[in-house]
Amino acid sequence: MSEAVTVLRRGGLVAVPTETVYGLGADASNELAVRRIFAAKGRPLSHPLIVHLADVQAAKAWGRELPTTFDTLARIFWPGPLTLVVHRSALATDAVTGGQPTVALRVPDHPLTLELLHAFRGGIAAPSANRFGKVSPTTAEHVRQELGTDVDLILDGGPCAVGVESTIVDLTHPEPRILRPGGVSREDLVRVLGRPVRLAHEASDVRAPGMLESHYAPRAGVLLVERAALYDEAQKRVAEGKRVAVLAPATARVPVKVHRAEVPEDAEGFARELYASLRSLDAEGFDLVIAALPDEKGLGLAVRDRLLKAAAPRG
Ligand code: TXA
Ligand code: MG
């Protein structure tokens, strides 16, 4: 732990466990350190980072003109898988925000990282600890395999309990909007705020399918079909000579000769195991992963979002 603080203080990179996915952390106040994150990930500088803080009070210093919804959501969901986008204070530099006037803040719910944040007494900027566009890591081993020596220290906090990234809510408009569905369900946000909460793309113009950018993508191709079509589609692709795996719960029908990567029936379980399943299917050398989208209830919304982006055409 003290080594992690030392690495952060001298501008190094520490991979940190969170309840969602592992993050690639650096001192959020050190521009050079923050730039190392972008270099290690191969991430475009225009993609801003989330600043992780020890508690609500520390987070408040990074924002200004905070709306009352900030207090309401922070009090209920932090520490937890929720990221709040607010107008930035002078603490948030262009390196972290990509030059935007806003900053994304979160208090993660993992004992090791909370301990580190308290000991460090600063903000830790951290994106998911994977190469840009790839599947996020949910174990320390995933980080080791993916980033190797590009990271100075990896804190092993075991497998992530939630398994998909935090829900990002934009609080800079009169209506809170979900920029990315994640570990806090839309239903819970609606319940706590007492009003409808829209997804950002519902609030803006209709999004053309081609605008869906590839992200969270394994090496294998990803094909999404209706649950009832899993069986026939798998059979067809196998007949084409492809190495096919079906990502599906035990109750879905899958041809005997086709590999089933079993995921739990419930959305929370699916979310928890999604990324690790995609990684092991890549390791086993499958060409194609066929999956059915879960419905939008609870964490199903986040799982759908990740699968849709994993299946998007790759540039
Ligand atoms: O669960 C998580 O959120 C994980 C863990 C490590 O905390 N982090 C994570 O970071 O998923 P990353 O960098 O992979 O995704 C952060 C997302 C990006 O899509 C980025 O565009 C968005 O947050 N973001 C960051 N700052 C923003 C801002 N000021 N306005 C809008 N979006 C922002
Ligand atoms: Mg990411």
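Each reported figure results from applying straightforward, stated rules to the coordinates on display, with no laboratory input. Everything numeric in this text was worked out from a predicted model, so none of it was measured. Backbone-built Cβ (ideal geometry, glycine too); neighbour counts: all protein chains shown.
Projecting label points 7 angstrom from Cα along Cα→Cβ for Arg314 and His87 puts them 4.3 nm apart.
Counted by neighbouring Cβ atoms within 10 Å, the residues Arg177, Arg219 run from fewest to most as Arg219, Arg177.
Put simply, the amide H of Val135, placed in the peptide plane, has neighbours under 5 Å in Ala217, leaving out anything fewer than 5 places away on its chain. Modelled spin-label separation between Glu175 and Arg64, with each label point placed 7 Å from Cα along the Cα-to-Cβ direction: 2.8 nm. Taking other residues whose beta carbon is less than 14 angstrom from the beta carbon of Glu146, and scoring Lys, Arg as +1 and Asp, Glu as -1, yields +4.
Cβ crowding within 10 Å, taken as a proxy for footprinting-reagent exposure, orders Lys41, Lys297, Lys309 from fewest neighbours to most as Lys297, Lys309, Lys41. Annotation for region 2-38 versus region 222-296: alpha-carbon center distance of 35 Å.
Counting only other residues whose beta carbon sits under 14 Å from that of Gly123, what net charge do I get with K and R as +1, D and E as -1? Provide the component values of the computation, followed by the final result.
Details: positive: Arg9, Lys60, Arg88, Arg106, Arg121; negative: Asp27, Glu31, Asp55.
Result for the local shell: +2.
Taking a point 7 Å from the Cα of Glu265 along the Cα-to-Cβ direction, the residues of region 230-258 with backbone N closer than 13 Å to it are 249-253.
What ranking do Leu189, Leu114 get, fewest neighbouring Cβ atoms within 10 angstrom at the top? List each step's numbers first, then the result.
Numbers: Leu189 22, Leu114 18.
So the residues, fewest neighbours to most, are Leu114, Leu189.
Between Ala119, Ala15, Ala292, the Gaussian network model of the chain with springs among Cα atoms under 10 angstrom shows the greatest mean-square fluctuation at Ala119. Semi-axes of the equivalent ellipsoid for region 230-315, computed as √(5λ) from the eigenvalues of its C-alpha gyration tensor and ordered from largest down, come to 21, 15, 12 Å.
Under 16 Å of direct C-alpha separation, and excluding same-chain neighbours fewer than eight residues apart, Lys60 reaches these aspartates and glutamates: Asp71, Asp170.
Close amide H partners of Arg180, meaning residues 5 or more places away or on another chain with modelled amide H under 5 Å apart, are Ile168. Fully extending the segment from Lys257 to Leu45, taken as 0.36 nm per residue of separation minus the present Cα-Cα distance, adds 71.8 nm.
Net charge of the neighbourhood of Lys242, taken over other residues with C-beta under 14 Å away and scored Lys/Arg +1, Asp/Glu -1, is +1.
Screening the chain for whole DSSP H helices of 30 Å or more along their axis (Cα) with average Kyte-Doolittle hydropathy at least 1.0 returns none. Each residue of the chain gets 129 Å³ once the volume of the Cα convex hull is shared out per residue. Working from Cα pairs under 8 Å separated by at least six residues, relative contact order for the chain is 19 percent. Judged by the ratio a/c of the largest to the smallest principal axis of the C-alpha gyration tensor, region 108-241 counts as oblate, that ratio being 1.5 or greater while a/b is no larger than b/c.
By DSSP, the beta bridges lying fully in the chain are antiparallel in about 40 percent of cases. Taking 7 Å steps out from each Cα toward its Cβ at Lys297 and Asp71 produces label points 3.5 nm apart.
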